[in-house]
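Asks: First, the structure itself, so that you have it in front of you.
The values are calculated or read from the model by the stated rules, or taken from the named source; none is laboratory data. The structure displayed is predicted, hence computed values, not measured ones. Methodologically, a virtual Cβ is constructed for each residue, glycine included, from the backbone with ideal geometry; neighbour enumeration extends over all protein chains shown.
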Amino acid sequence: MTVIGKPLPRIEDPPLLTGQGRFLADLQVPGMLHMRVVRAPVALGRLGEIDTVDAAAMPGVVAVWTAADIATLPPVDFRMTRIAGLEAYRQPLLARDFVRYVGEPVALVFADGAHAAEDAAEAVFCDIDEMAPRLDPADGPGAFPTTDEPLSGEPATVTKAYGDLDAAFAGAHAVIEVEARVGRHSGVPLETRGALAVPGEGETLVLHGAAKVPHYNRDAIARMLGRDPATIQLSEGHVGGGFGIRGELYPEDVLVCAAALRLGRPVKWVEDRREHLMAANHARDQRYRLRAAVDGDGFLRGLEAEFITDQGAYIRTHGGTVTDLSAAMLPGPYLIPAYRATGHIRLTNKTPAGTYRAPGRFESTFARERLMDAIARRLGHDPLAVRRRNLIPAASMPHDRGIDALGTPLVYDSGDYADLLDRAEAHFDLGGLRAEAAARRAAGEAVGVGVALFVEKSGLGPRDVVHLRVLDDGTVEAVTGVASIGQGVETVLAQIAAEELDLPITGIRVVHGQTARIGYGMGAFASRVTVMAGTAMQIAARTLRDRALAVAAEMLQSPPEALCLGGGTVIRPDSGATVSLAQIAAHAGDGLFSEGVFDADHMNYPYGVHIARVRVDRATCGVTVERYAVAYDVGRAVNPMLVEGQIVGAAAQGIGGALMEEFVYSPDGQPLAASLADYLMPSAAEMPAVEVLIREDAPSPQNPLGVKGAGEGGLTAAGAAIAAAIDDALARPGLVRALPVSPDRLHRWLQADRSRGDVPMRRCAPKTI
Amino acid sequence: MTEKRRIVLTVNGTEHAIAVEPRCTLADALREECRLTGTHLGCEHGVCGACTVLVDGAAVRACLMFAVQAEGRTVRTVEGLAEGDRMHPLQRAFQEHHGLQCGFCTPGFLMLAAGVLEETPDIDDAGLREALSSNLCRCTGYQNIVKAVRAAASEMRR
């Protein structure tokens, strides 16, 4: 039976299509209180008295809390990439002594209804002594005010290096520098965040609204509240999009738990969109300066990179993750024998930043690919020829960079980068696209084509587990600790089980995100689910099949190797006798329970090519993406329709990040993109048809399925490809040095170019981009 | 403003006698009072369209309309799209063409598309893209939503 590789429709769709989904806001329990968060109205200030008297007296209000009410609760700790020195910058659950960004939780109102809680929150008054905020991390390390001496605004730098950089520069034919900046974006899932904590018998607690990493969050909440993790259960319902930002442990998640326990009633919190845009993790917002030592033929002998991550006001659960990944993944698909990257983690008075789909790769790919274009331009080579000259050859795989990423050795496991580039060039008729664009330019249009290459990473370990059991009706139930954020987990895992068990995928029920059902789970991030849980599923399904045949052998009086399993039945071909999986499971007594465990200490590395054709309106400086193409080698596509869906959806976010999306702040630190009318995301009108070429030429040798993650690569090189296409459209190589290329920014660059002539990029101060 | 008024909402052919404050939006009334939670709230300021329902056959943002304004009018939500167990052609096409991922925006897109196709069954591709640009989806990149609606349109014309 071949189920893996088929574009099957998803088993999770019917409830979502009929209005029967159960998203967090849909849940109601008797006696429920509603929590409303009072948020800081200014970007930086000394926090004085908080007057809660009027609010507490309003109808329906049960309690009003400030930091004083939760003085014993610690700040939210790091889940990943813990770097020494970051601890002092963790976010308190409610602001203490200072407020450090607009939107920081300052007080909480608990009331009988959502309207009552919102009304009362308006009546909480915070006395804040405003201070001048710090908004530009390029100003220098800066300071992080505290009640004692201020701390440095640069708590850590991340350095990754290999090879002899000095020698590379000493012998260079040319040294080429570029600066590149990526704006402040975020995932902006269509469902805002929410949580519902329900206290139970004997001081137990169930937290609904879990996502991404339920098991980790259960343990973290237990630690923070000083409780046994066994008394806390996290439960995931339908989740309206993740993209890296949802499901991290936020102050609000812990606060609803603390409140439910202390007030003895269920507590529900659902943020509104304005809160979401000011309070959920921001991302990106990096600026790079790259310096390359190159040979006469464009070979990159050495690369020195310095960059700044605008971390926002606090360091949240991701610790140094984005900066770490940026430094590790910047070299991308190129050989680059000597390398040094220094990433500065700097704090500003903006919403704290974390990961957003392709974190550190969207940004570093933009910077690196801008550099490759600059090298080509300086040396008078074709941009693709320069890239080909530098690609890591297939014969060098696996390729050990000698540095690490997320604490795992950075070893590209498999890939033929040149081959994929060739295939993409042919499949999407790049020559034809370029010729057509040139002809249109000759006719007066501003049309251009851009190409960018990237390497992604996926399948972060260390482990995942799947438990299988046959239920009374013959359905196979798979319980796993991964999470579903809408990416099709149930279908993909069911396909892998169905392949082994010869069942239709509707015969498999996948349970995820329920800490009460399985003790271990790493969750859904870093494009890890298909790799880790998929492999654990394959192992579990094989074990279950072997057990089913062994038990059936006893029941049918035949050696197991003479039996066939298919369609939920074991048949003894010589006699025609059959027993169903349900009967076998009943005979076995334990539902044929099987466990699959998969461990991995390395990530794997999918890779791809993006091609964009854009048209620029010279009058308005608006950019239209006319065509978009992605070639992506994912090792093996379990469900190509879902892989394509991931790529196209990610490409939309990439196009948004390249052209539209940005959290802009006023000079006094007020967020100006606090609605969906101001934080612009692509609609169907802005999206071109996205063509996708899925390749399976380089299966991962690190798991038996050969799969690599498909969740992020549709985004990774979008900024780089679109930037190159805009340069090409306007015949201004190197023009685009910052994202998003909003019409006003593009207009400014063109004006500046006109008044100064074609100014080399390095003479532009970073602040002007 | 906080005094409740008694109104009757006719939703998917069923009358719901409810009491709401005048400031209560149609979306909140559908979700909280009628317990029809298929209508989702993504922004509550009229941009994302996740709350799109049909009022007297026209697609509206249920977050921008007060419940009291819907009295005496016919409201249709995603819960009323299927006929019993048989899904609407749009629902089937969304599944067939992978027109949803997280599914949060899906009810809004289904109702938007239902309204558009009822009004203009033979809408052309440009018109359809334009109409579907009313709503936001953060997962799919819209490609499969457009594909699904086009497929449903041709099935519904048959």
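Asks: Is at least one residue of segment A:468-477 buried (at least 24 other Cβ atoms within 10 Å of the Cβ) and in contact with a Ser or Thr (Cβ under 8 Å, 6 or more places away or on another chain)? Lay out the reasoning, then the answer.
Replies: So in segment A:468-477, the residues buried (at least 24 other Cβ atoms within 10 Å of the Cβ) come out as A:468, A:470, A:476.
So of that shortlist, the ones also in contact with a Ser or Thr (Cβ under 8 Å, 6 or more places away or on another chain) come out as A:468.
Yes, some residue in segment A:468-477 is buried (at least 24 other Cβ atoms within 10 Å of the Cβ) and in contact with a Ser or Thr (Cβ under 8 Å, 6 or more places away or on another chain).
Asks: Can you confirm whether A:Tyr356 is under 21 Å from the mean Cα position of the chain (by Cα), assigned to a loop (DSSP other than H, G, I, E, B), assigned by TED's automatic domain parsing to the domain that holds A:Ala650 and within 30 Å of A:Ile726 (Cβ to Cβ)?
Replies: Values: under 21 Å from the mean Cα position of the chain (by Cα): yes; assigned to a loop (DSSP other than H, G, I, E, B): yes; assigned by TED's automatic domain parsing to the domain that holds A:Ala650: yes; within 30 Å of A:Ile726 (Cβ to Cβ): yes.
So A:Tyr356 passes the test.
Asks: Pairs needed: first member in segment A:165-188, within 14 Å of chain B (Cβ to nearest Cβ); second member anywhere, hydroxyl-bearing (Ser, Thr, Tyr); C-beta distance under 6 Å; at least 6 residues apart or different chains.
Replies: A:Ser186/A:Tyr356; A:Gly187/A:Tyr356
Asks: Look through segment A:36-59, keep the residues that are surrounded by 14 or more Cβ atoms within 10 Å (Cβ to Cβ) and part of a loop (DSSP other than H, G, I, E, B), and return whichever of them is farthest from the other protein chains (Cβ to nearest Cβ).
Replies: Looking at residues that are surrounded by 14 or more Cβ atoms within 10 Å (Cβ to Cβ) and part of a loop (DSSP other than H, G, I, E, B), I get A:Leu44.
Asks: Oh, and also: Are there any strands (runs of 3 or more DSSP E) wholly within segment A:470-582 with 2 or more residues that are among the hydroxyl-bearing types (Ser, Thr, Tyr), and if so which? Walk me through it before giving the result.
Replies: On the way: elements: A:476-480, A:508-512, A:564-566, A:569-572, A:577-580.
In segment A:470-582, the matching strands (runs of 3 or more DSSP E) lie at A:577-580.
Asks: From the residues in segment B:107-158 that are free of Cβ contacts under 8 Å to residues at least 12 places away in the same chain and more than 12 Å from chain A (Cβ to nearest Cβ), which one is surrounded by the fewest Cβ atoms within 10 Å (Cβ to Cβ)?
Replies: Among those residues, the one meeting the criterion is B:Arg158.
Asks: Restricting to segment A:633-658, give me the number of residues that are more than 13 Å from every other protein chain (Cβ to nearest Cβ) and more than 18 Å from A:Pro359 (Cα to Cα). So that I can check it myself, show each step before the final result.
Replies: Step one: of segment A:633-658, the residues more than 13 Å from every other protein chain (Cβ to nearest Cβ) are A:633-638, A:658.
Subsequent filtering for residues that are more than 18 Å from A:Pro359 (Cα to Cα) retains A:633-638.
Looking only at that region, the number is 6.
Asks: To continue, here is another question. From the list B:Leu41, B:Leu30, B:Leu36, which one is more than 8 Å from chain A (Cβ to nearest Cβ) and surrounded by 17 or more Cβ atoms within 10 Å (Cβ to Cβ)? First the steps, then the outcome.
Replies: Working: B:Leu41 fails: more than 8 Å from chain A (Cβ to nearest Cβ); B:Leu36 fails: more than 8 Å from chain A (Cβ to nearest Cβ).
Only one candidate passes the filter, namely B:Leu30.
Asks: Further, regarding this structure: In segment B:1-27, how many are at the interface with another protein chain (Cβ under 10 Å from one of its Cβ atoms) and of a type in the set (Ser, Thr, Tyr)?
Replies: 1
Asks: Considering only residues that are more than 9 Å from every other protein chain (Cβ to nearest Cβ) and closer than 22 Å to B:Ala50 by Cβ, look in segment A:672-701 and name the one that is surrounded by the most Cβ atoms within 10 Å (Cβ to Cβ).
Replies: Of everything passing the filter in segment A:672-701, A:Tyr679 is surrounded by the most Cβ atoms within 10 Å (Cβ to Cβ).
Asks: Every residue in segment B:91-106 that is out of contact with any His (no Cβ under 6 Å at 6 or more places or on another chain) and at the interface with another protein chain (Cβ under 7 Å from one of its Cβ atoms), please. Don't jump to the end; show me each part of the working.
Replies: Initial filter on segment B:91-106 (out of contact with any His (no Cβ under 6 Å at 6 or more places or on another chain)): B:91-103, B:105-106.
Residues satisfying the conditions are B:Gln91, B:Phe94, B:Gln95, B:Glu96, B:His98, B:Leu100, B:Gln101, B:Cys102, B:Gly103, B:Cys105, B:Thr106.
Asks: Please identify the pairs in which a residue from segment A:114-131 that is under 14 Å from A:Val62 (Cβ atoms) has its Cβ atom under 8 Å from the Cβ atom of a residue that is assigned to a helix (DSSP H, G or I), counting only partners at least 6 apart or on another chain.
Replies: Pairs that qualify, where the first residue is under 14 Å from A:Val62 (Cβ atoms) and the partner is assigned to a helix (DSSP H, G or I), are A:Ala120/A:Ala55; A:Ala120/A:Ala56; A:Ala121/A:Ala55.
Asks: If you scan segment A:1-35, which residues turn out to be farther than 29 Å from A:Val707 by Cβ, part of a loop (DSSP other than H, G, I, E, B) and either touching a strand residue (DSSP E or B) at 6+ places or on another chain (Cβ under 6 Å) or more than 13 Å from every other protein chain (Cβ to nearest Cβ) (or both)?
Replies: Answer for segment A:1-35, where residues must be farther than 29 Å from A:Val707 by Cβ, part of a loop (DSSP other than H, G, I, E, B) and either touching a strand residue (DSSP E or B) at 6+ places or on another chain (Cβ under 6 Å) or more than 13 Å from every other protein chain (Cβ to nearest Cβ) (or both): A:Arg22, A:Leu27, A:Val29, A:Pro30, A:Gly31, A:Met32.
Asks: Just for helices (runs of 4 or more DSSP H) wholly inside segment B:54-158: which have at least 3 residues that are of a type in the set (Gly, Ala, Ser) and over 30 Å from A:Thr491 (Cβ atoms)? Show your work before the answer.
Replies: Numbers: elements: B:89-96, B:106-119, B:125-132, B:143-157.
By residue number, no helices (runs of 4 or more DSSP H) qualify.
Asks: Can you find a residue that is among the hydroxyl-bearing types (Ser, Thr, Tyr) and buried (at least 21 other Cβ atoms within 10 Å of the Cβ) anywhere in segment A:69-78? Explain how you work it out, then say what you get.
Replies: Residues of segment A:69-78 among the hydroxyl-bearing types (Ser, Thr, Tyr): A:72.
Filter once more, keeping what is buried (at least 21 other Cβ atoms within 10 Å of the Cβ): none.
Taking every residue of segment A:69-78 in turn, none turns out to be among the hydroxyl-bearing types (Ser, Thr, Tyr) and buried (at least 21 other Cβ atoms within 10 Å of the Cβ).
Asks: Also, quick follow-up: Looking at A:Val579, A:Val616, A:Val570 in this structure, which one is away from every other protein chain (no Cβ under 14 Å), closer than 30 Å to A:Val188 by Cβ and touching a residue at least 12 places away in the same chain (Cβ under 8 Å)? Before you say what the answer is, go through the steps one by one.
Replies: Numbers: A:Val579 fails: closer than 30 Å to A:Val188 by Cβ; A:Val570 fails: closer than 30 Å to A:Val188 by Cβ.
Step by step, each of A:Val579, A:Val616, A:Val570 is checked, and only A:Val616 is away from every other protein chain (no Cβ under 14 Å), closer than 30 Å to A:Val188 by Cβ and touching a residue at least 12 places away in the same chain (Cβ under 8 Å).
Asks: Please enumerate the residues belonging to segment A:336-391 that are of a type in the set (Lys, Arg), surrounded by fewer than 22 Cβ atoms within 10 Å (Cβ to Cβ) and over 30 Å from A:Ala313 (Cα atoms). Show your work before the answer.
Replies: Kept after step one, since they are of a type in the set (Lys, Arg), are these residues of segment A:336-391: A:340, A:346, A:350, A:357, A:361, A:368, A:370, A:377-378, A:387-389.
This time we only want the ones that are surrounded by fewer than 22 Cβ atoms within 10 Å (Cβ to Cβ), so: A:340, A:377-378, A:388-389.
Within segment A:336-391, A:Arg377, A:Arg378, A:Arg388, A:Arg389 qualify.
Asks: So A:Gly312 passes all but one of these: (1) closer than 29 Å to A:Ala211 by Cβ; (2) assigned by TED's automatic domain parsing to the domain that holds A:Ala674; (3) touching a helix residue (DSSP H, G or I) at 6+ places or on another chain (Cβ under 8 Å). Which condition number does it fail?
Replies: (3)
Asks: Given the conditions (1) buried (at least 21 other Cβ atoms within 10 Å of the Cβ); (2) within 22 Å of the chain's Cα centre (by Cα); (3) closer than 18 Å to A:Gly519 by Cα, and given that A:Ile232 satisfies all but one, which numbered condition is not satisfied?
Replies: Answer for A:Ile232: the failing condition is (2).
Quick grid of which residues meet (1) at positive phi; (2) surrounded by fewer than 24 Cβ atoms within 10 Å (Cβ to Cβ):
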residue	(1), (2)
A:His185	no, no
A:Pro189	no, no
A:Pro199	no, yes
A:Gly209	yes, no
A:Val213	no, no
A:Asn217	no, no
A:Ala222	no, yes
A:Leu225	no, yes
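Asks: When segment A:323-347 is examined, which residues are found to be under 22 Å from the mean Cα position of the chain (by Cα) and in a loop (DSSP other than H, G, I, E, B)?
Replies: A:Leu330, A:Pro331, A:Gly332, A:Pro333, A:Leu347
Asks: Which of the following residues is in contact (Cβ under 8 Å) with a residue 12 or more places away in the chain and within 19 Å of the chain's Cα centre (by Cα): A:Phe362, A:Phe299? Don't jump to the end; show me each part of the working.
Replies: Values: A:Phe299 fails: within 19 Å of the chain's Cα centre (by Cα).
When all the criteria are applied, what remains is A:Phe362.
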